[in-house]
Amino acid sequence: MGLIGSPTYPMLRDSTQVAILEILDANRIPYEMKKAENTLVLSDTRSRIVFRALEDFERLRGTNLAWFGVDELTYTQEEAWLRLEGRLRDPKAKRLCGFGVWTPKGYDWVYRKFVHSPAPGYECIQARPRENRHLLEHVPDFYKRLELSYDDRFFRQEVLGEYVNMAGSRVYSAFSQHDHVTTLSLNSWERLYWALDFNVDPMSSVIAQIVGNQVRVLDEIVLRRATTEEACAEFLKRYPRHDVGVVVCGDASGSNQQTTGSADYDIIKEHLATHSNLKVEYHVPKCNPPVRERINLVNAKLRSASGVIGLFIDEKCKELIQDFEQVTYKTDGYQLDKDRDRMRTHVSDAVGYLVWQELKPLPPIGGQAQRML
């Protein structure tokens, strides 16, 4: 037995169920529809398909399934998906599986489960724009008409199937996974930069190298409810030795903020000196840069006006990738939205401190009394 579900009963009745019956009829597959039970029986195999609305997901308990499929998954609660996964236990089935189809709707649970960090056994197939040739054969100007009707972000989400943040304008608009995320390796001849954003939950930092004018973010350390000493221990666990040396930089407030009872940079100096033989320099500014200027510089590093990419990120930096994709401005201005998700903004701030401290443009030269040679 299998189950086909939709977020609500009207969607199930008017869309999903209608499409399935049309496919069966068009392919002359015999079936019997039992309307009272909302169940379909395939005549040749006697296989059963039950149709269910998923808004009351607790009613899904007790059903043994061989497979299930969910239409419009992004409009379905994650709890419904989890209940269905738990029902995949039909003893007659040779293969147990579930699937869903959806249009992106921001960086929701569907994105996290299938696209960003899929668990073993999960896979996402993303249809490319204009791949639906059957539709275009009947409506050749389908995309053009919608492009004229929708704004840019809504068109990219609903029609092109892209993941965009609809809540507010993206802060790091120059970022693209395709262009910036890759596999990086440690260069033993270049210094390591450890850039920190001091925050108890999460305590966030990145490990990077600067090669020429290019920033390469090799790793991230994001710890929940952690102290500065715990961040130091994790750093040394991953990078116990680097002969060329390490540069520590980041949030200027670490010079005076009492996160763990002492100034954070003092804790780092003592811990690294006591527990390692690393050669460490500290590039700590007296104050943090203006937020907008720091963000503009990071965006320019991600992609300059001439199209040059100067910042690359290793694929294991999951939190940084999410930051670059999901951090937005508040709708009423240009303040970062830190309230929507407490995990966001911190690790990208650490990158911003690094880029500003090490690669900020020199101040312009003022007017001079004589000609400069």
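Just so you know, all these numbers are worked out from the coordinates, no wet-lab data involved. Model, not experiment: these values are computed from the prediction. Cβ atoms come from the backbone with ideal geometry, glycine included; neighbour counts cover every protein chain shown.
Details
- Relative to its residue count, the chain spans a Cα convex hull of 229 Å³ per residue.
- Checking the cross-link pairs Lys237/Lys269; Lys113/Lys316; Lys237/Lys286; Lys286/Lys360; Lys237/Lys301 against a 18 Å limit on the alpha carbon distance flags Lys237/Lys286; Lys237/Lys301 as lying beyond it.
- Reachable aspartates and glutamates, given that their alpha-carbon falls under 16 Å from the alpha-carbon of Lys144 and they are not under 8 places away in the same chain: Glu131, Asp152, Glu158
- Computed from the Cα positions only, the extents of segment 122-249 along the three principal axes stand at 64, 33, 32 Å, in decreasing order.
- The fewest-to-most ranking of Glu325, Glu32 by surrounding Cβ atoms within 10 Å reads Glu32, Glu325.
- Working note: Debye formula, equal point scatterers on the alpha-carbon atoms of segment 2-126, no solvent; log10 I(q)/I(0) at q = 0.12, 0.14, 0.15, 0.16 Å⁻¹ is -0.47, -0.64, -0.73, -0.83.
- Approximate spin-label separation Val101-Ala233, in nm, with each point projected 7 Å along Cα-to-Cβ: 5.1
- The calculated pair-distance distribution of segment 177-359 uses every alpha carbon pair, bins of 10 angstrom beginning at 0, and gives 9, 39, 38, 12, 1 percent.
- Of all aspartates and glutamates in the structure, the ones whose alpha carbon falls short of 14 Å from that of Lys330, not counting any fewer than 8 places away in one chain, are Asp339, Asp341.
- Which of Val308, Val247 has the fewest Cβ neighbours within 10 Å, and the rest in rising order: Val308, Val247
- For Gly254, the shell of other residues with beta-carbons less than 10 Å away shows a net charge of -4, using +1 for Lys and Arg and -1 for Asp and Glu.
- Helix-only CD estimate at 222 nm, as mean residue ellipticity for the chain, using -39500 (n - 2.57) per DSSP H run (n ≥ 4): -8000 deg cm²/dmol
- Cross-link partners for Lys318 among the aspartates and glutamates, with Cα-Cα distance under 13 Å and sequence neighbours closer than 8 places in the same chain left out: Asp219, Glu220.
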